[in-house]
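To start, the structure itself, in structure tokens.
The values are calculated or read from the model by the stated rules, or taken from the named source; none is laboratory data. Predicted model only: the values in this text are computed from it and were never measured. Cβ sites come from the backbone with ideal geometry, for glycine too, and all protein chains shown count toward neighbours.
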Amino acid sequence: MTSATPAIRLTGLTKTFGSVNAVDQLDLEIGEGEFFSMLGPSGSGKTTVLRLIAGFELPTSGTVELQGVDVTHRAPFDRDVNTVFQDYALFPHMTVLENVAYGLRVRGVGRAERAERAEAALASVALAGFGGRKPSQLSGGQRQRVALARATVVQPKVLLLDEPLGALDLKLREQMQVELKELQRSLGITFIFVTHDQEEALTLSDRIAVFNHGHIEQLGTPTEIYEAPSSPFVASFVGTSNIFDPSEAERMLGRTSTVSIRPEKIALHTPASKPAAGTVSLPGTISEVIYLGTSTRILVELEGGKRLTVLEQNASSRSALDRRGEMVHARFASADLVALEPVAA
Amino acid sequence: MRLSRAARVTLGTVTTLILAVIYLPLFVVFVNSFSTSTNLTWPPPGFTLEWWGKAFQNAGALEGITTSVQIALAATAISLILGTMISLALQRFDFFGRDAVSLLVILPIALPGIVTGIALNNFFRTILDVRLGIATIIVAHATFCIVTVFNNVIARLRRMGTSLEEASADLGAGVWTTFRLVTFPQLRSALLAGGLLAFALSFDEIIVTTFTAGAGVTTLPIWILDNLFRPNQAPIVNVIAVVLVIVSIVPIYLAQRLSGSEQLQK
């Protein structure tokens, strides 16, 4: 990541649609061979950044560098990046093999060689023998793989993926996540992955940029993003957080700034037991119990009205569903509290 | 949706009546083309194939068909090229006055033919000072034939979206290559449907044609009008009319099937 030239360098990148700044003064470096995710809600500017890198949009100001070369004003076909589109964008009038070979065809690679390389690319995504079919005869997961093969067969330096797993069902999505990760390792190229699914971003990425309103809220490894969110937005967008605003923090925790605590860091105890040293203990009543299979989500209404979400692993099969109304103490190590920047206006 | 029995019967009757009003006269024309009566008395007094034989040796009719086909082919070709270009411009690019241009392109199909006819007649003769002839008819027909191509192509472009073209550019194809390998193949059936409709529209056009045809040019519709009320020609006109119906049905049917099957696919 700290190699001499980054795969992608964005400097002061701004894109305005009408009066809206979709991307606002963005500076970002993405390293060679990195699996980099851009995570954010829809409308946060992540897809626009991807389209700016691909060359489908021209920035209002700022520059895009690809391996140290300024490509800001180059057309998409003149950039060594390839895209896997959200809707796959397979050419419906061509066979699967023709789709995969397309990039080679327009580059003037000979018929025999491109057929061979396209076949190999199809084999690498476990679709050997599907070359003669039309995209309409494939399932969603297979189309996804064809799109991957089509984008990688031309050996780009950077692969851009725009919510590529969004249209797949859960099981297939988990399987494709593993395959994507393996593909990225074997190709050794930079992947830039756009998603609104925080779990997907945490699972796949080397680094994550959390987007909000056209700028990056936080940039870091999955662990940093999850364990040390820097703002209330990140804390609540990535996973679930119990956020205490400054007045609540002062009243209940003796802190002066906004702090948050993850639900799985909280344990529930009977009021009679003694809290260990260095733990915060907040009395309350269980108001809702939601069974989630591997875990149970418990809502605790604290004295004073503040609600806490607590996540308990279902280690034993004892049912927790009848615990509503129970008086408990919610306890957590005060070291697990994360201080957040105050909410930006 | 479920309808009551009374509603079904009523709607069925009304539909039958309307279709009968439209198609019975056509059937009469068909029957009359085999009639032994020269002034189209009803019911036909006898059956003969005489007129069918004569029609295909009638120099005026054959010349009219040739002229009409030539004009329709040329007008269709112009419409296909210009219609595709204007659709691409309006659908793929954003520029000042785009909506106005879009309206101006569609307008000719709504304008009364007589207005178009008078206007073009004036323009050709007094301003451009060109001789009226086949060329002026072709240009006149193209003004409204463009609309059918335009409508088909722009609807297809809209449904297609831009991601296929972006994918093509992304994979390294320049603008022309993308058009040749991706956009055009996607437009092919829309162009065929639009072109067939344009052909049909031009082939039987008479009002604008009357105003833009020179003295020596007789298209098939004009020939029919000239001969309908001449003694002894009426049955031949019926034969030609039947041929025209058949020739018109084929492109309309094909165009409808093309656009229909596309809609089902998606």
inquiry  = Please determine whether any residue of the range B:111-125 is in contact with a helix residue (DSSP H, G or I) (Cβ under 9 Å, 6 or more places away or on another chain) and closer than 20 Å to B:Ile86 by Cα.
reply    = yes
Within the range B:42-70, considering residues that are touching a Ser or Thr at 6+ places or on another chain (Cβ under 8 Å) and among the polar types (S, T, N, Q), the one surrounded by the most Cβ atoms within 10 Å (Cβ to Cβ) = B:Ser68
note = Checked against (1) at pLDDT 90 or above; (2) within 26 Å of A:Phe36 (Cα to Cα), A:Glu98 satisfies every condition except (2)
task = Collect the residues in the range A:10-37 that are hydrophobic (A, V, I, L, M, F, W, C) and closer than 19 Å to A:Glu57 by Cα, keeping them in residue-number order.
result = A:Leu10, A:Leu13, A:Phe17, A:Val20, A:Ala22, A:Val23, A:Leu26, A:Leu28
query = Which residues, counting only those in the range A:72-98, are surrounded by fewer than 19 Cβ atoms within 10 Å (Cβ to Cβ), more than 30 Å from the chain's Cα centre (by Cα) and either away from chain B (no Cβ under 13 Å) or of a type in the set (S, T, N, Q) (or both)?
reply = A:Thr95
inquiry  = Every residue in the range A:7-22 that is of a type outside the set (S, T, N, Q) and either under 16 Å from A:Gly43 (Cβ atoms) or free of Cβ contacts under 8 Å to residues at least 40 places away in the same chain (or both), please.
reply    = A:Lys15, A:Phe17, A:Gly18, A:Val20, A:Ala22
query = What residue, of A:Leu302, A:Leu268, is over 29 Å from A:Pro222 (Cα atoms), under 33 Å from the mean Cα position of the chain (by Cα) and not assigned by TED's automatic domain parsing to the domain that holds A:Glu200?
reply = A:Leu302
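Each row is one residue, and each column tells you yes or no for (1) part of a helix (DSSP H, G or I); (2) within 14 Å of chain A (Cβ to nearest Cβ); (3) touching a Phe, Trp or Tyr at 6+ places or on another chain (Cβ under 8 Å).
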{"residue": "B:Ser189", "(1), (2), (3)": "yes, yes, no"}
{"residue": "B:Thr210", "(1), (2), (3)": "yes, no, no"}
{"residue": "B:Gly216", "(1), (2), (3)": "no, no, no"}
{"residue": "B:Ile222", "(1), (2), (3)": "yes, no, no"}
{"residue": "B:Pro235", "(1), (2), (3)": "yes, no, yes"}
message = Taking the criterion of being of a type in the set (Gly, Ala, Ser), surrounded by 18 or more Cβ atoms within 10 Å (Cβ to Cβ), part of a helix (DSSP H, G or I) and at pLDDT 90 or above, would at least one residue in the range A:237-252 satisfy it?
response = no
query = For the range A:53-71, how many residues are of a type in the set (Gly, Ala, Ser), over 13 Å from A:Lys157 (Cα atoms) and within 11 Å of chain B (Cβ to nearest Cβ)?
reply = 1
ask   = Among the residues of the range B:119-170, which ones are within 27 Å of A:Arg105 (Cβ to Cβ), away from chain A (no Cβ under 14 Å) and in contact with a Lys or Arg (Cβ under 8 Å, 6 or more places away or on another chain)?
value = B:Leu157
query = What is the residue count in the range B:28-41 for residues that are free of Cβ contacts under 8 Å to residues at least 60 places away in the same chain, of a type in the set (Val, Ile, Thr) and surrounded by 13 or more Cβ atoms within 10 Å (Cβ to Cβ)?
reply = 3
Residue among A:Val81, A:Val100 that alone is over 18 Å from A:Gly131 (Cβ atoms) and in the same structural domain as A:Leu13 (by TED's automatic domain parsing) = A:Val81
Filter pass, B:Ser87 being of a type in the set (Ser, Thr, Tyr) and touching an Asp or Glu at 6+ places or on another chain (Cβ under 8 Å) = no
task = Return the residue satisfying two criteria in turn: it lies in the range A:198-208 and is among the hydrophobic types (A, V, I, L, M, F, W, C) and at pLDDT below 95, and of such residues it is surrounded by the fewest Cβ atoms within 10 Å (Cβ to Cβ).
result = A:Leu202
task = Working only within the range A:118-140, note down all residues that are within 14 Å of another protein chain (Cβ to nearest Cβ) and either touching a residue at least 40 places away in the same chain (Cβ under 8 Å) or surrounded by fewer than 19 Cβ atoms within 10 Å (Cβ to Cβ) (or both).
result = A:Lys134, A:Pro135, A:Ser136, A:Gln137
ask   = If you check B:Ile71 against the conditions, is it touching a His at 6+ places or on another chain (Cβ under 7 Å) and at pLDDT 90 or above?
value = yes
message = Suppose the filter is within 22 Å of A:Pro156 (Cβ to Cβ) and more than 12 Å from every other protein chain (Cβ to nearest Cβ); does A:Ala101 pass it?
response = no
ask   = Restricting attention to the range B:71-118, and to residues there that are under 19 Å from B:Ala213 (Cα atoms) and among the β-branched types (Val, Ile, Thr), which single residue is surrounded by the most Cβ atoms within 10 Å (Cβ to Cβ)?
value = B:Thr76
note = Considering the range A:158-185, residues that are without any contact (Cβ under 8 Å) to a residue 40 or more places away in the chain and closer than 22 Å to A:Pro6 by Cβ, and then whichever is surrounded by the most Cβ atoms within 10 Å (Cβ to Cβ), we arrive at A:Leu180
note = Counting only strands (runs of 3 or more DSSP E) wholly inside the range A:269-321, the ones holding at least 3 residues that are out of contact with any Cys (no Cβ under 8 Å at 6 or more places or on another chain), touching a residue at least 40 places away in the same chain (Cβ under 8 Å) and of a type in the set (Val, Ile, Thr) are A:279-291
